[in-house]
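Undergrad: Next up is a structure, given as structure tokens.
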Amino acid sequence: MVSVGSKALASRRARSCCNLVEDNLMGREDKSYNQGSKNKGMSRKTKNGSFGFDADHSNKSVSGRANDGTAKPKNSSKYQNTFSEPQPSIVRKQVDPETTKYFSEIVNLFESDGVDFEERPVICGNALEEAKGKEYELATDYYISHTLQILLEGCNVDHLCDFLRGCAKVFPLISMDRSGSHVAETALKSLAMQLQDDEAYSVIEETLTNLCKVIVDSPFDMMCNCYGSHVFRSLLCLCGGVPLDSPEFHRAKPSMILAERLNLSASSAPGNNLSHRHQGFPGLLKFLVLGMLKCSEEDVKSLLVDQYSSLVLQTALKLFAGHDQQLLQIIPVLLNCRKENLTEGNFIEMTAVGDIVELMKEAACSHLMEVILAVSPESLYGEMFAKIFRKSLFELSSHHCGNFVVQALISHARDQEQMEFIWEELGPKFRDLLEMGRSGVIASLIATSQRLHIHEHEVCKALADAVCLPNESPRFVVDRILFLESYFACVEKSNWKWPSGAKIHVMGSLILQTVFKFQNQLIQPYITNSNASGKLKHRLINKLRGHFGELAMHSSGSFTVEKCFNASNLSLREAIASDLLSVQSELPKTKQGPYLLRKLDIDGYANRPDQWRSRQASKQSTYKEFYAAFGSGEAKSSKSDSFLADTSKSTSLTKGIKDVRKEIDHHLASSEKYVKHAVVDDVMKLKNKKHKRGHGGASEKASGSVNHKPFLSVDLKKNKRHGQEEQSKASRKKLKV
């Protein structure tokens, strides 16, 4: 059995790892984002046998921060030497031996399972009473802090609030300590749990008010501390009524952001998808956020470029998403506009534009600006677009940090007029951007063009031109986009070849996914058919026999399996189905597996193989007849040029299999329409004749039912003959004219 103390220690180590992961998320597409993101001080494990506050913190971390997490000026930014003077640190007293022994006994008691569930809150409350007046020393002690976490999780709301009120004046210092930050986090999470009881709301609100007042008096040290900033963000989430560990507000995954920007998932305001909201404290949230921005212009610049305070500001802005009035108070301050009674069109001072553009080239500020663009009210977004970004788009797109801000700007463009300005500046620069490795800007531009339905043909053509040499055939467009980095790194691009064993470029793959959502007529260079013969295709499929089951287990491989199946004859289709039988039980667990099983009717092949073969043969026969009857001139001239056999004889590479099938469906629908009209005419004539002869309605109904039956069972030959007759009639009419 794992002891309670062991669980707490494991939990703390896991959270320390989470902090490291969170800070490493500052890295993005460009390697430059990793500069200064690794912090030795994030781990709670001390060195040289020292513990917590007693350790020697003279060594500096790579990021320019002392190992205790306090902010130090960084050489990487000209704005990071203007912090307000930090408060004098409090000398931590040693915990006396008697207190240490008492809390050790508490831990032993819990580990021995000698405490009943009903007794646990009482024992935890009594132990917290012993901590009064010594909260700071106990919370920052490496070992006793573990015990405090257990007590704060197990006590009732009154003892929890008493503890926090007792340490309110030193709460920022506890939060900035390696061990104390975990105690502070645990206390806030316990408050969130206690909010399930409506009667606890008032006492919790009073407690949080005390904490917020202390923090607002001097928020900078806590905001710019690697531990303190995490506690600060949890406090904001608690006041905002969202889960403290919500990834939307704490650790938004870059993949989620990218999916929204490329229209691969539905975008929504932060917090809209949360299912476990709790009652918040909106008044305290506003008080806390506005209070931390009551500072000098230089201090605000410092907050913008510090990676930890930037994260705090990002969380605050996300919590206010959709609350335009509050955002119009906060964002102008961050953009260095301090005028009273701000009005639309007057949110941004032109004198500050140059500084704002330069700030966006700082890693932390570029992250913050992405969030600002995502949550800004429409009027403010429009003013930022016009005053800050117009005529600066290419400059920022060329920068290794600024290009991410441009991606966000493009992705949140509100109308076609804004997209027109974006296209005007960046449209002619596709090749330049790709050569600089700014494919994310291209991807965002293509996705927004698709979303707003403007310049759709132009962006597709510009992308194809960017990866092709002058007067070169576009047949290699897809290959080069899939391996963007390899292609643009090649000096002799005319000699570039598909790199063997190289990884596909992620952004290039995503760009192609977006491009393939456009209508076919807009993307002809991307969907030109392969000129490989049917024999070559079948030879390739034969080489993959025995491996289709393995391929089907991967999302990209399942696409290959489907394409191979469509290009196969009956014997090869059966070989593919046989391979998939070996993984039939595993495929439903994969993303594309259920679709592939249905599409290829693997269940039918397993249970009724003869009927499965018959259906496949029938499909092949039907398509052959359709091709012969209703296909284009090229299809008629070569019946073997179907998906069943050789396609090399086709004279038009732009005629894809999907186009042919659409043509088939069109002719089929037309034929059915002609047949239906002819049958209706015959029925009406028959009714009129019988009416003249004096027959009753019963015979009319009978004749109606009899005459409709041929329409329901019209065979392919009748359709074909009727279609030919209609075409012949139309030809004769044209000749007469």
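The values are calculated or read from the model by the stated rules, or taken from the named source; none is laboratory data. Computed from a predicted structure; not experimentally measured. Reconstructed Cβ throughout: ideal geometry from the backbone, glycine too, with neighbour counts over all protein chains shown. The protein model used for the area step is the full one, side chains on, heavy atoms only, and it has no ligands, DNA or RNA in it. Shrake-Rupley method; radii C 1.70, N 1.55, O 1.52, S 1.80 Å.
Undergrad: Kindly evaluate residue 462 against the criterion of being in a helix (DSSP H, G or I), closer than 20 Å to residue 411 by Cβ and either in contact with a Lys or Arg (Cβ under 7 Å, 6 or more places away or on another chain) or free of Cβ contacts under 8 Å to residues at least 24 places away in the same chain (or both).
TA: So residue 462 does not fit the description; no.
Undergrad: Go through the range 329-352 and report how many residues are within 24 Å of residue 393 (Cα to Cα) and surrounded by fewer than 18 Cβ atoms within 10 Å (Cβ to Cβ). Can you show your working first?
TA: Taking the range 329-352 first, the residues within 24 Å of residue 393 (Cα to Cα) are 331-337, 344-352.
Add one more test, that the residue is surrounded by fewer than 18 Cβ atoms within 10 Å (Cβ to Cβ), and what stays is 333, 337, 344-346, 349-351.
Qualifying residue count, the range 329-352: 8.
Undergrad: Now for a separate question. How many residues are open to solvent by 10 Å² or more (accessible area, probe 1.4 Å) and more than 17 Å from residue 164 (Cβ to Cβ) if we restrict to the range 212-225?
TA: Taking the range 212-225 as the starting set, the residues that turn out to be open to solvent by 10 Å² or more (accessible area, probe 1.4 Å) are 213-214, 216-218, 220-221.
Right, trim to more than 17 Å from residue 164 (Cβ to Cβ) and you get 218, 220-221.
Adding up the residues that qualify gives 3.
Matching residues to (1) at pLDDT 95 or above; (2) open to solvent by 10 Å² or more (accessible area, probe 1.4 Å); (3) under 24 Å from residue 325 (Cα atoms):
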site	(1), (2), (3)
354	no, yes, no
398	yes, yes, no
405	yes, no, yes
431	yes, yes, no
441	yes, no, no
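Undergrad: Could you list, ordered by first residue, the pairs with Cβ atoms under 8 Å in which the first is in the range 494-522 and closer than 30 Å to residue 454 by Cβ and the second is aromatic (Phe, Trp, Tyr) and open to solvent by less than 40 Å² (accessible area, probe 1.4 Å), at least 6 apart or interchain?
TA: The qualifying pairs are 504/483; 505/483; 508/483; 512/526; 515/526; 516/526.
Undergrad: Could you check residue 249 against (1) surrounded by fewer than 21 Cβ atoms within 10 Å (Cβ to Cβ); (2) touching a Cys at 6+ places or on another chain (Cβ under 6 Å) and say which number it fails?
TA: Of the numbered conditions (1) surrounded by fewer than 21 Cβ atoms within 10 Å (Cβ to Cβ); (2) touching a Cys at 6+ places or on another chain (Cβ under 6 Å), the odd one out for residue 249 is (1).
Undergrad: Hey, among the residues in the range 96-140 that are small (Gly, Ala, Ser), in a helix (DSSP H, G or I) and closer than 24 Å to residue 169 by Cβ, which one's farthest from the chain's Cα centre (by Cα)? Even if it seems obvious, please write down each step before you answer.
TA: Applying the first criterion (small (Gly, Ala, Ser)) to the range 96-140 yields 104, 112, 114, 125, 127, 131, 133, 139.
Retained after the next criterion (residues that are in a helix (DSSP H, G or I)): 104, 125, 127, 139.
Going one step further and asking which of them are closer than 24 Å to residue 169 by Cβ, we end up with 125, 127, 139.
Details: 125: 44, 127: 45, 139: 38 Å.
Among those that are small (Gly, Ala, Ser), in a helix (DSSP H, G or I) and closer than 24 Å to residue 169 by Cβ, it is 127.
Undergrad: Out of the residues in the range 475-506 meeting the condition of being among the charged types (D, E, K, R) and either open to solvent by less than 100 Å² (accessible area, probe 1.4 Å) or assigned to a helix (DSSP H, G or I) (or both), tell me which one is nearest to residue 525 (Cα to Cα). Talk me through it step by step, then tell me what you get.
TA: Let us first name the residues in the range 475-506 that are among the charged types (D, E, K, R), namely 475, 479-480, 485, 492-493, 497, 503.
Subsequent filtering for residues that are either open to solvent by less than 100 Å² (accessible area, probe 1.4 Å) or assigned to a helix (DSSP H, G or I) (or both) retains 475, 479-480, 485, 493.
On the way: 475: 7, 479: 12, 480: 13, 485: 21, 493: 19 Å.
By that ranking, first place goes to 475.
Undergrad: Filtering the range 90-124 down to residues that are surrounded by 11 or more Cβ atoms within 10 Å (Cβ to Cβ) and aromatic (Phe, Trp, Tyr), which residue is nearest to residue 143 (Cα to Cα)?
TA: Ranking the candidates gives 103 first.
Undergrad: Something else: Could you please give the count of residues in the range 360-394 that are farther than 27 Å from residue 428 by Cα, among the hydroxyl-bearing types (Ser, Thr, Tyr) and under 23 Å from the mean Cα position of the chain (by Cα)?
TA: Looking only at that region, the number is 1.
Undergrad: Now for a different question. For residues that are charged (D, E, K, R) and at pLDDT 90 or above, tally how many sit in the range 260-293. Walk me through how you get there before you give the answer.
TA: Going residue by residue through the range 260-293, those that are charged (D, E, K, R) are 260-261, 277, 286.
Filter again for at pLDDT 90 or above, leaving 286.
Matching residues across the range 260-293 total 1.
Undergrad: Regarding residue 532, is this residue open to solvent by 40 Å² or more (accessible area, probe 1.4 Å), hydrophobic (A, V, I, L, M, F, W, C) and at pLDDT below 90? Spell out how you get there, then give the answer.
TA: On the way: open to solvent by 40 Å² or more (accessible area, probe 1.4 Å): no; hydrophobic (A, V, I, L, M, F, W, C): yes; at pLDDT below 90: yes.
Against the criterion (open to solvent by 40 Å² or more (accessible area, probe 1.4 Å), hydrophobic (A, V, I, L, M, F, W, C) and at pLDDT below 90), residue 532 does not qualify.
Undergrad: Going by what's in this entry, would residue 645 be described as in a helix (DSSP H, G or I), of a type in the set (A, V, I, L, M, F, W, C), modelled with pLDDT under 50 and within 21 Å of residue 535 (Cβ to Cβ)? If you could, list the steps in order and put the result at the bottom.
TA: Details: in a helix (DSSP H, G or I): no; of a type in the set (A, V, I, L, M, F, W, C): yes; modelled with pLDDT under 50: yes; within 21 Å of residue 535 (Cβ to Cβ): yes.
It is false that residue 645 is in a helix (DSSP H, G or I), of a type in the set (A, V, I, L, M, F, W, C), modelled with pLDDT under 50 and within 21 Å of residue 535 (Cβ to Cβ).
Undergrad: Right, another one. Scan the range 452-473 for residues that are crowded, with 16+ Cβ neighbours inside 10 Å, farther than 19 Å from residue 506 by Cβ and not acidic (Asp, Glu) and report the count.
TA: If we filter the range 452-473 for residues that are crowded, with 16+ Cβ neighbours inside 10 Å, which is where we start, we get 452, 454-456, 459-468.
Of the ones still in play, those that are also farther than 19 Å from residue 506 by Cβ are 452, 454-456, 459-462, 464-465, 468.
Next cut, not acidic (Asp, Glu) only: 452, 454-455, 459-462, 464, 468.
Here the count works out to 9.
Undergrad: Take the residues in the range 381-396 that are farther than 19 Å from residue 261 by Cβ and among the aliphatic types (A, V, I, L, M), then tell me which one is most open to solvent (accessible area, probe 1.4 Å).
TA: 386
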